[in-house]
Amino acid sequence: MSRFQSFYQQIAGNKLLHWLETLPAQLKSWEQEALHGDFKQWQKVLDHLPVAAKSCIELKTKVEFGQPEDLNHGQKQRLEVLLRQLMPWRKGPFTVHGLTIDTEWRSDWKWDRVLPHISPLQHRTVLDVGCGSGYHLWRMKGEGAEFVVGIDPSQLFYCQFEAIKHFNPDPTVHLLPVGIDDMPELKAFDTVFSMGVLYHRRSPIDFLAQLKQQLRPGGELVLETLVIEGDEQAVLVPTDRYAKMRNVWFIPSTAALLLWMQRVGFKNAKVVDLSVTSLAEQRKTSWMENESLIDFLDPTDHSKTIEGYPAPLRAVIVAQA
C-alpha cells in the first residue's frame, strides 16, 4: 500500500478530488526514486521512533507535542539520537516530549509577522508551496484550518515532517513530496502560502501564475520573499550567487513585484510587512551545523551580502485571486 493512501482517501471526499487524476502516478514515481540515496536510512529513523501517548498538543503559539514524562530515560535518549540523524533541521523550532529541535530559522518569528495580516484560516483548505519540513503547516492547523497540504520535493524535508507527525498523526495535515510544476490547475484552495520560494524560481511570473491556478476565485495568496529597494523597474539579477546561494534568480523591488502580480491577475495586492533578516532569526545551531546567515554577509558590513549585494530584506504580500 502506498504511504500516501490516507491522503488519497481524504481528498476523495473533498474539493481536491480532481487531484487524484494525476497525483498517485507522480507519487509512485517519487517513491521509486526515493529508494536511492539516504532515504532508506531516514526511513529507518522513522520506523524506530518511540511511541508515546499524545499527552498534550500545542499549535497555537508554538509546535509542541507531548511532555517529557511521557517517555522513559532510554526513550528520550533514543529520540534525540534518531532525530539528529535527520539533520540539518532548517525550519522550526519543534518540541517533542521535552526535546527542542533548535532549527536554523526561527520560523515562528516569520509566522508572527504574517499572521496579523491574513484572512482567518478557520474552516479553510490551505496549501503551502515550498513548505520545507512543514513547521508552518502545524501553525496553520493551529489557526483552525480544516485541511492543510504542504508541497516540497525534498526527501529530507518529507522525512523530517513525518518524524514530527509521528507524534501527532493528524489526518488533516499532510506534506507531499512534489513541486508546483507537478500540480494540475486545481483552483480549489482557500488560501495559498508561498514563503521563501519566489527568488529560487527561474521564471517568477510563471510561478505567480501557478500559485494563482491553485486558488479558488476570491482565494487569498500569502507571499513572502526577498526584495530590494527601488521602483517598478528595479530587479536584482545576481551575476553568480546571492548570499552564497546559486539558485537565486530574481529579487524584485516591492513595486516591481506588485506590478508582476497585477499582470498575472491578482487583485488588491499589498505589502503588509517588510523585515530585515537578523542574525538571531537565521543562525547556526547544534541541529544545523552548516553555514548560516553570518557566513553569507560581508564580515565588515552586515548591510551587504558577501558578494556585495543588499543584505536580505523580506516582504510579505497579500493578494486575492
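Summary of values
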| quantity | calculated |
| --- | --- |
| Kirkwood Rh, Cα atoms: Rg over Rh of the range 181-224 | 0.94 |
| Those trypsin sites (Lys or Arg not before Pro) in the range 239-321 that DSSP places in a loop and that have at most 10 other beta carbons within 10 Å | 246 |
| Centre separation in Å (Cα based) which lies between the range 1-79 and the range 83-104 | 15 |
| By accessible area with a 1.4 Å probe, ligands and nucleic acids excluded, highest first: order of 245, 183, 288 | 245, 183, 288 |
| Kyte-Doolittle mean at least 1.0, axial Cα span of 27 Å or more - DSSP H helices of the chain | none |
| Additional length obtainable on full extension of the chain from residue 301 to residue 32, 0.36 nm per residue less Cα span | 92.1 nm |
| The chain, Rg to Rh (Cα coordinates; Rh as Kirkwood inverse mean 1/r) | 0.96 |
| 5 angstrom amide H check on residue 272, placed H, neighbours 5+ away | 316, 317, 318 |
| Spin-label pair residue 48/residue 273, simplified geometry with 7 Å Cα→Cβ offset, distance in nm | 3.9 |
| Extension gain from residue 284 to residue 233, taking 0.36 nm per residue of separation minus the Cα-Cα distance | 14.8 nm |
| The range 121-199: GluC sites (Glu not before Pro) in DSSP coil with no more than 12 other Cβ atoms inside 10 Å | 185 |
| Mean accessible surface per residue for the chain, computed with a 1.4 Å probe while every protein chain stays in place, in Å² | 44 |
| Over the chain, relative contact order from alpha-carbon pairs under 8 Å, at least 6 apart, % | 16 |
| Exposure rank, largest accessible area first [136, 48, 123; 1.4 Å] | 123, 48, 136 |
| Within the accessible area of the range 115-220 (1.4 Å probe), percent carbon and sulfur | 48 |
| Counted charge near residue 65, where neighbours are those whose Cβ lies closer than 11 Å (Asp, Glu -1; Lys, Arg +1) | -1 |
| Computed [θ] at 222 nm, helices only, for the chain once each DSSP H run of length n ≥ 4 contributes -39500 (n - 2.57) | -8000 deg cm²/dmol |
| The range 165-304: relative contact order as a whole-number percent, Cα under 8 Å and 6+ apart | 18 |
| Only Lys, Arg (+1) and Asp, Glu (-1) charged, at Cβ; the chain dipole about Cα centre in debye | 380 |
| Positive-end residue, the chain charge dipole about Cα centroid, Cβ charges, pick of 126, 293, 114 | 126 |
| Value of relative contact order over the range 25-92, rounded to a whole percent, pairs C-alpha under 8 Å and six or more apart | 29 |
| Probe 1.4 Å, all protein chains present, accessible-area order of 303, 2, largest first | 303, 2 |
| Euclidean distance between Cα centres, the range 178-210 to the range 274-321, Å | 23 |
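The values are calculated or read from the model by the stated rules, or taken from the named source; none is laboratory data. Keep in mind the model is a prediction, meaning the values are calculated, not measured. Note: ideal-geometry Cβ built from the backbone for every residue, glycine included; neighbour counts use all protein chains shown. SASA here: full protein model, heavy atoms, side chains in, ligands and nucleic acids out. Shrake-Rupley method; radii C 1.70, N 1.55, O 1.52, S 1.80 Å.
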